[in-house]
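Asks: Got a structure for you, questions after.
The values are calculated or read from the model by the stated rules, or taken from the named source; none is laboratory data. Keep in mind it's a predicted model, so treat the numbers as computed, not measured. Here the Cβ is made from the backbone with ideal geometry for all residues, glycine too, and neighbour counts use every protein chain on show. These area figures cover heavy atoms from the full protein model, side chains too; ligands, DNA and RNA do not enter into them. Shrake-Rupley method; radii C 1.70, N 1.55, O 1.52, S 1.80 Å.
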Amino acid sequence: MNSSTLSGRTALVTGSGSSGGIGAAIVQVLAAAGARVVIADLPHLKASALSQCEALSRYGYEARFCELDVGSQQDWERVIAELAQDGLELDVLVCNAGINSPSAPENQSLDDWERILRVNLTGPFLGMQAVLPSMRVRGGGSIICIGSVSASVVTPPTPGLSNAAYHASKAGLGMLAKTVAINHARDGVRVNVVAPGSVLTPMLARGGKGAELMANTPMGRLADPAEIANAVLFLASDAASFITASTLTVDGGYSAV
Ligand code: NAP
């Protein structure tokens with residue numbers, strides 16, 4: 001991969017406004033590979049996103065910010081229309097935005113359950129609906145969903161808590177990605193999942209289980225967000241031209257034991 005791997009392509013990464021998150025690392029790696037990047041996140045992350053855009057432009061990379069709540073169909077339509085007004089259509093969509101809120105299933109409010117499903121599962125569904133028509137017309141594109149090893153293994157429970165909604169959302173995301181990949185395999189649109197293990201980000205820090213997750217990871221450490229971003233770059237690039245409906249696990253061996 002080099003600075004022209006994604007040259008001439010436009011990539012939007014959801015949930016990429018917060019510095020230190022996986023999304024911000026993906027934006028940096030895609031921009032360094034030559035993509036025009038769109039940082040999409042909630043309005044309160046605008047300042048952080050704009051400072052990322054400034055930093056990227058100092059390296060000569062092209063980056064812009066769009067306000068986007070991934071759970072809002074109206075937001076998706078507005079963002080796609082705004083980009084189209086500037087002559088931009090997406091070649092790469094990275095569905096990265098995700099939330100978690102551990103709670104014992106019997107105590108979890110319906111609102112909380114629906115909020116997690118809306119961001120982690122409905123968000124990618126709406127994103128795919130928004131970008132597929134133009135990707136099909138233009139003969140292809142790459143959609144990458146940030147799943148999780150939580151799609152297939154249950155992370156060690158904290159007494160009284162569980163991540164049931166998170167696990168369910170990430171498992172559902174895997175089948176959403178596979179189904180859309182198969183439906184559009186002949187349109188040149190590839191859809192894949194990157195499934196991280198434990199990554200050192202604000203989300204993981206909030207969970208307070210970093211040391212335990214590190215101990216349970218065969219490689220004995222957490223991932224750096226850039227290690228997830230590099231897997232995304234591979235799937236976004238032509239080097240992955242025959243890869244669709246697949247999951248690339250990036251977990252230091254966590255899910256194998
Ligand atoms: P993060 O630092 O919390 O970043 C997630 C981003 O998504 C934040 O900027 C967040 O904004 C944003 N977001 C939340 N709701 C949104 C919405 N409705 N619309 C648009 N953006 C929204 O988390 P991360 O650790 O980088 O996680 C990124 C992805 O990797 C997630 O899908 C996560 O499930 C997955 N993942 C993470 C790990 C890990 O160990 N960190 C492991 C496996 C998978 P707010 O800050 O306002 O919430």
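Asks: Go through the range 167-185 and give me each residue that's in contact with a Ser or Thr (Cβ under 6 Å, 6 or more places away or on another chain) and under 14 Å from S103 (Cα atoms).
Replies: H167
Asks: Now a separate question. Select from the range 13-45 the residues that are part of a helix (DSSP H, G or I) and either β-branched (V, I, T) or within 11 Å of the ligand (Cβ to nearest atom) (or both) and list them in ascending order.
Replies: I22, G23, A24, A25, I26, V27, V29, P43, H44, L45
Asks: A223 - would you say it is surrounded by 13 or more Cβ atoms within 10 Å (Cβ to Cβ) and either within 13 Å of the ligand (Cβ to nearest atom) or without any contact (Cβ under 8 Å) to a residue 60 or more places away in the chain (or both)?
Replies: When the stated conditions are applied, A223 passes them.
Asks: Name every residue in the range 46-81 that is open to solvent by less than 70 Å² (accessible area, probe 1.4 Å), free of Cβ contacts under 8 Å to residues at least 24 places away in the same chain and assigned to a helix (DSSP H, G or I), in order of residue number.
Replies: Answer for the range 46-81, where residues must be open to solvent by less than 70 Å² (accessible area, probe 1.4 Å), free of Cβ contacts under 8 Å to residues at least 24 places away in the same chain and assigned to a helix (DSSP H, G or I): C53, A55, S57, D75, A81.
This table checks each residue for (1) within 21 Å of A40 (Cα to Cα); (2) among the charged types (D, E, K, R); (3) in contact with a helix residue (DSSP H, G or I) (Cβ under 8 Å, 6 or more places away or on another chain).
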| residue | (1), (2), (3) |
| --- | --- |
| T122 | yes, no, no |
| L126 | yes, no, yes |
| S142 | yes, no, yes |
| T158 | no, no, no |
| A165 | no, no, yes |
| I182 | no, no, no |
| V194 | yes, no, yes |
| T201 | yes, no, yes |
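Asks: Right, next: When you look at V257, is it open to solvent by 50 Å² or more (accessible area, probe 1.4 Å) and either touching a residue at least 12 places away in the same chain (Cβ under 8 Å) or more than 16 Å from C95 (Cβ to Cβ) (or both), yes or no?
Replies: yes
Asks: Within the range 140-156, identify whether any single residue is surrounded by fewer than 19 Cβ atoms within 10 Å (Cβ to Cβ), of a type outside the set (A, V, I, L, M), more than 10 Å from the ligand (Cβ to nearest atom) and assigned to a helix (DSSP H, G or I), and answer yes or no.
Replies: Among the residues of the range 140-156, not one is surrounded by fewer than 19 Cβ atoms within 10 Å (Cβ to Cβ), of a type outside the set (A, V, I, L, M), more than 10 Å from the ligand (Cβ to nearest atom) and assigned to a helix (DSSP H, G or I), which makes the answer no.
Asks: Would you point out the residue of the range 165-198, among those that are out of contact with any Leu (no Cβ under 9 Å at 6 or more places or on another chain) and among the hydroxyl-bearing types (S, T, Y), that is nearest to I243 (Cα to Cα)?
Replies: Among those residues, the one meeting the criterion is T179.
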